[in-house]
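S.K.: Before I ask anything, let me first share the structure, which is written out below as structure tokens.
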Amino acid sequence: MSEPFHAMAKDPENVKWFAKTAVELIAKYDFFDGIDLDWEYPGGGGLTTSPWNPETKLSDEIKLSEKQAFTLLVKELRQNMDALSSKTGKDYQLGTAVGVGFKATSIDWPEVSKDIDLMFAMTYDYLGGWGTQTGHLTNLFATENGWWGMGTDAFIKQMLDLGMPADKIVVGAAFYGRGWEGTKNFDGKNLPTEFTSAKGASFGTMEPASFQFWDLVRNYTSKEGYVEGYDENAHAPYLWNAEKQVFISYDNAKSIKAKADWVKQNKHAGLFVWELSGDNKGELTKTMSEALRK
């Protein structure tokens, strides 16, 4: 879905036109209070620009061009939104969703941060059924036995090092889970180093290996042979079925509260989730709200 961004970035005039017409849209429909950019991702790394595929990998020249285009896009949006504010008297917020790891490195954060109000760090999908590497989906803390040092704390530190102010960073949480089957060498308590499975789970809520939180609560219980576990070092819950050799990682009320406490401690802007329909009874949403307000 982000492929049009890559096409637009090739011409600065197209970038300016997009910014102008986007702001005209929020002026026309008065219920909007801002714009949230979701380009996945400037410099590549998305579905159509995989760096591991020679046919889709972006060249260094294109990466630099897209870095400049993203900065221009943000500046043009900010200027147009400020001009609209001067007419309406309303404040309009500009935010952007950002991938973590290498996906965040093709943005000029010291420059971009001047013009955005919030940066939504997509601190989830560290691992999933697309690979055999098994572990936590959205753990708060990186641990020695996790894959590639992945953890929300590590990725937010990266954003700070890249020049993003702490008070503009919104940390992500997941109202869903990722799962694997044929999981190897797990005793149900201690995640091994280089934890692997045969494959991603062949089942899920709406697609294989992906589970809505409400589905996990309803259908993946002790009656079905699942045991709840919690990695205290990583602050990450999981479900384990020893008979079926199924491992599912997700966020629950305890891990959500841990993230909220960490966000407040580090003076970040808040928490956001992907996505609300996973919490159909509002359990996690209530936990998040109460923890952030305390």
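The values are calculated or read from the model by the stated rules, or taken from the named source; none is laboratory data. These figures come from a predicted structure and were not determined experimentally. Please note: Cβ atoms are built from the backbone with ideal geometry, for glycine as well, and neighbour counts cover all protein chains shown.
S.K.: Which is farther than 14 Å from residue 233 by Cα, within 13 Å of the chain's Cα centre (by Cα) and among the hydroxyl-bearing types (Ser, Thr, Tyr), of 152, 123?
M.R.: Of 152, 123, the one residue that is farther than 14 Å from residue 233 by Cα, within 13 Å of the chain's Cα centre (by Cα) and among the hydroxyl-bearing types (Ser, Thr, Tyr) is 123.
S.K.: Right, here's the next one. Between 7, 22, which is in contact with a helix residue (DSSP H, G or I) (Cβ under 9 Å, 6 or more places away or on another chain), free of Cβ contacts under 8 Å to residues at least 40 places away in the same chain and of a type outside the set (Ser, Thr, Tyr)?
M.R.: On the way: 22 fails: free of Cβ contacts under 8 Å to residues at least 40 places away in the same chain.
Being in contact with a helix residue (DSSP H, G or I) (Cβ under 9 Å, 6 or more places away or on another chain), free of Cβ contacts under 8 Å to residues at least 40 places away in the same chain and of a type outside the set (Ser, Thr, Tyr) holds for just one of 7, 22, which is 7.
S.K.: State yes or no: is residue 75 under 24 Å from residue 125 (Cα atoms) and in a helix (DSSP H, G or I)?
M.R.: no
So that you can scan it fast, the table gives a plain yes or no per residue for (1) farther than 29 Å from residue 218 by Cα; (2) in the same structural domain as residue 267 (by the TED database); (3) surrounded by fewer than 16 Cβ atoms within 10 Å (Cβ to Cβ); (4) among the aliphatic types (A, V, I, L, M):
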site	(1), (2), (3), (4)
149	yes, yes, yes, no
152	no, yes, no, no
164	yes, yes, no, yes
182	no, no, no, no
186	no, no, no, no
191	no, no, no, yes
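S.K.: With respect to residue 168, is the statement that it is basic (Lys, Arg), in contact with an Asp or Glu (Cβ under 9 Å, 6 or more places away or on another chain) and more than 30 Å from residue 111 (Cβ to Cβ) true?
M.R.: Numbers: basic (Lys, Arg): yes; in contact with an Asp or Glu (Cβ under 9 Å, 6 or more places away or on another chain): yes; more than 30 Å from residue 111 (Cβ to Cβ): no.
Criteria not met by residue 168.
S.K.: Another question, if that's okay. So, residue 134, is that one more than 12 Å from the chain's Cα centre (by Cα) and not charged (D, E, K, R) or not?
M.R.: Details: more than 12 Å from the chain's Cα centre (by Cα): yes; not charged (D, E, K, R): yes.
Considered against the rule, which asks whether it is more than 12 Å from the chain's Cα centre (by Cα) and not charged (D, E, K, R), residue 134 comes out as yes.
S.K.: Same structure again: Would you tally the residues in region 227-284 being out of contact with any helix residue (DSSP H, G or I) (no Cβ under 8 Å at 6 or more places or on another chain), closer than 19 Å to residue 143 by Cα and either part of a strand (DSSP E or B) or not acidic (Asp, Glu) (or both)?
M.R.: Kept after step one, since they are out of contact with any helix residue (DSSP H, G or I) (no Cβ under 8 Å at 6 or more places or on another chain), are these residues of region 227-284: 227-229, 231-234, 238, 240, 242-247, 249, 254-255, 258, 265, 272, 274-275, 277, 282.
Of the ones still in play, those that are also closer than 19 Å to residue 143 by Cα are 229, 231-234, 238, 247, 249, 254-255, 258.
When the remaining residues are screened for being either part of a strand (DSSP E or B) or not acidic (Asp, Glu) (or both), the result is 229, 231, 233-234, 238, 247, 249, 254-255, 258.
Looking only at that region, the number is 10.
S.K.: Counting only residues that are within 21 Å of the chain's Cα centre (by Cα) and buried (at least 20 other Cβ atoms within 10 Å of the Cβ), how many does region 211-246 have?
M.R.: 10
S.K.: For the structure I just gave you, tell me whether residue 255 is hydroxyl-bearing (Ser, Thr, Tyr) and in contact with a strand residue (DSSP E or B) (Cβ under 6 Å, 6 or more places away or on another chain). First the steps, then the outcome.
M.R.: Numbers: hydroxyl-bearing (Ser, Thr, Tyr): yes; in contact with a strand residue (DSSP E or B) (Cβ under 6 Å, 6 or more places away or on another chain): yes.
Taking the combined requirement at face value, the residue satisfies it.
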